[in-house]
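Asker: Attaching a single structure in structure tokens format; questions to follow.
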Amino acid sequence: MAKRALITGITGQDGSYLAEHLLRQGYDVWGLVRGQANPHKMRVSRLMSELSFVDGDLMDQASLVSAVDLVQPDEVYNLGAISFVPMSWQQAELVTEVNAMGVLRVLEAIRIVSGLSSSRHNGASAKNIRFYQASSSEMYGKAAETPQRETTIFHPRSPYGVAKAYGHFITRNYRESFGMYAVGGILFNHESPRRGAEFVTRKISLGVAKIRQGLQDKLALGNLDALRDWGFAGDYVRAMHLMLQQEEPTDYVVGTGEMHSVRDAVRLAFEHVGLNWEDYVYIDPVLVRPAEVEILCADTTRVRGELGWKPEVDFSALMKMMVEADLKHVATEHQYGELLAAASW
């Protein structure tokens, strides 16, 4: 009988790649969606005939209990979150409700449906639903050491990072308190052509495509010196799945182990279309974070050694992939716009 997985955030970048991966593994895949129309459903539109959906909201405990009870999953992947870090300063309470309390609500739903009581030794009848929490390298913030590993202390530098730290710790707490198979994947920055346009790598690739097509003159960015460990989202979902296949639950850091600056990303993207980035990029102070996270780099020793996982797409290939996708996207969008304009006459 096929395993059944429930994914929150299935219409996001990670959720769409994970759904594809699990379907290839023979899973019965369900996505948690809020009742109203979701504009991001297009990310999984090509999979619609293979996916099932259930209504639920990370801010509504009862809906999550109903969803887990209906689906009866073997695995739950909690990828649902407000993931744009700068937004967390403008809407700190909302980000905390979704990214922190949302994790607690999913864990509670699993505990209730599984039949786990306040005692972790409550008999073998409890259903063993395995839980994956999407933790974040932003929890390290002002990093105490570089590279960062599973034991590196957290010093988050944004409301987003603080909320993610709560989600990570409450996941560990349910593992230790109730014997739940619950793990946190501390994923470093992972990008793709499906990334939202507000994220810096996609902002760069989209800006380059528009400049190349003559639709934009300049590209405004923040701190070009910030260093990140960037990888391909399609690679990272394989690590998520592997974490739930182990005998014992434990947390893992996932990244490439290599650092690149925002400037590196800009240079590679502009070079791919034969342009000099310095002719087009300027610094907008508004885009600099109130408390910057300067250096993030993963120590991948355990994820490579214990899970046998490694990334397949390097940073240069990732930026080229994103630029190529956006060149096609912009050309199609521009052509469609011209057709609409012509039709309106």
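The values are calculated or read from the model by the stated rules, or taken from the named source; none is laboratory data. What you see is a predicted model, and the numbers here were worked out from it, not measured in a lab. Cβ atoms come from the backbone with ideal geometry, glycine included; neighbour counts cover every protein chain shown. The protein model used for the area step is the full one, side chains on, heavy atoms only, and it has no ligands, DNA or RNA in it. Shrake-Rupley method; radii C 1.70, N 1.55, O 1.52, S 1.80 Å.
Asker: Go through (1) open to solvent by 20 Å² or more (accessible area, probe 1.4 Å); (2) under 24 Å from Gly141 (Cα atoms); (3) of a type in the set (Asp, Glu) and name the single condition Asp235 misses.
Answerer: (1)
Asker: Something else: Looking only at residues in segment 267-288 that are within 25 Å of the chain's Cα centre (by Cα) and open to solvent by 40 Å² or more (accessible area, probe 1.4 Å), which one is nearest to Gln148 (Cα to Cα)?
Answerer: So the residue we want is Val288.
Asker: Which of (1) surrounded by fewer than 23 Cβ atoms within 10 Å (Cβ to Cβ); (2) outside any helix (DSSP H, G or I) does Gly80 not meet, given it meets every other one?
Answerer: (1)
Asker: While we're here: Test of understanding: among Asp225, Asp264, Asp217, which residue is surrounded by fewer than 19 Cβ atoms within 10 Å (Cβ to Cβ) and in a helix (DSSP H, G or I)?
Answerer: Just a single option satisfies the conditions, and that option is Asp264.
Asker: Does segment 289-329 hold any residues that are assigned to a helix (DSSP H, G or I), modelled with pLDDT under 95 and open to solvent by less than 30 Å² (accessible area, probe 1.4 Å), and which are they?
Answerer: Listed by number, the list is empty, since nothing qualifies.
Asker: Still on this structure: Name the residue that is farthest from Gly56 (Cα to Cα), counting only residues in segment 83-99 that are open to solvent by 40 Å² or more (accessible area, probe 1.4 Å) and outside any helix (DSSP H, G or I).
Answerer: That would be Pro86.
Asker: Kindly list, by first and then second residue, each pair from a residue in segment 74-97 that is touching a residue at least 12 places away in the same chain (Cβ under 8 Å) to a residue that is of a type in the set (D, E, K, R), limited to pairs with Cβ atoms under 6 Å and residues at least 6 apart or on different chains.
Answerer: Short answer, once both residue conditions are applied: Asp74/Lys3; Asp74/Arg4; Glu75/Arg130; Leu79/Asp14; Phe84/Glu198.
Asker: Test Asn78 against the criterion of being under 22 Å from His190 (Cα atoms) and either touching a strand residue (DSSP E or B) at 6+ places or on another chain (Cβ under 9 Å) or modelled with pLDDT under 95 (or both), and give yes or no.
Answerer: Details: under 22 Å from His190 (Cα atoms): yes; either touching a strand residue (DSSP E or B) at 6+ places or on another chain (Cβ under 9 Å) or modelled with pLDDT under 95 (or both): yes.
Judged against the criteria, Asn78 is a match.
Asker: Continuing with the same structure: Considering each of His155, His168 in turn, give the residue that is surrounded by fewer than 21 Cβ atoms within 10 Å (Cβ to Cβ) and over 30 Å from Val323 (Cα atoms).
Answerer: Exactly one of His155, His168 is surrounded by fewer than 21 Cβ atoms within 10 Å (Cβ to Cβ) and over 30 Å from Val323 (Cα atoms), namely His155.
Asker: To continue, here is another question. For segment 272-288, enumerate the residues that are modelled with pLDDT under 95 and in a helix (DSSP H, G or I).
Answerer: Once the filter is applied, which keeps residues that are modelled with pLDDT under 95 and in a helix (DSSP H, G or I), segment 272-288 yields Pro285, Val286, Leu287.
Asker: Please find, among Glu145, Glu108, the residue that is within 15 Å of Val253 (Cβ to Cβ), of a type in the set (D, E, K, R) and either open to solvent by 30 Å² or more (accessible area, probe 1.4 Å) or not in a helix (DSSP H, G or I) (or both).
Answerer: Just one listed residue meets the conditions, Glu145.
Asker: Please verify whether segment 239-250 includes one or more residues that are within 28 Å of Asp326 (Cβ to Cβ), buried (at least 21 other Cβ atoms within 10 Å of the Cβ) and either under 13 Å from the mean Cα position of the chain (by Cα) or among the hydroxyl-bearing types (Ser, Thr, Tyr) (or both).
Answerer: Yes, segment 239-250 contains a residue that is within 28 Å of Asp326 (Cβ to Cβ), buried (at least 21 other Cβ atoms within 10 Å of the Cβ) and either under 13 Å from the mean Cα position of the chain (by Cα) or among the hydroxyl-bearing types (Ser, Thr, Tyr) (or both).
Asker: Can you tell me which residues in segment 296-322 are touching a helix residue (DSSP H, G or I) at 6+ places or on another chain (Cβ under 7 Å) and more than 24 Å from Met139 (Cα to Cα)?
Answerer: Those that are touching a helix residue (DSSP H, G or I) at 6+ places or on another chain (Cβ under 7 Å) and more than 24 Å from Met139 (Cα to Cα): Glu312, Val313, Ser316, Met319, Lys320, Met322.
Asker: Would you be able to tell me the number of residues in segment 63-77 that are under 9 Å from Ala109 (Cβ atoms) and open to solvent by 60 Å² or more (accessible area, probe 1.4 Å)?
Answerer: Number satisfying all stated conditions: 2.
Asker: Taking the condition more than 24 Å from Glu258 (Cα to Cα), open to solvent by less than 30 Å² (accessible area, probe 1.4 Å), assigned to a helix (DSSP H, G or I) and not basic (Lys, Arg), does Val103 pass?
Answerer: Spelling it out, Val103 is indeed more than 24 Å from Glu258 (Cα to Cα), open to solvent by less than 30 Å² (accessible area, probe 1.4 Å), assigned to a helix (DSSP H, G or I) and not basic (Lys, Arg).
Asker: In addition: From Ser177, Ser205, grab the single residue that is of a type in the set (Ser, Thr, Tyr), part of a helix (DSSP H, G or I) and open to solvent by 40 Å² or more (accessible area, probe 1.4 Å).
Answerer: Ser177
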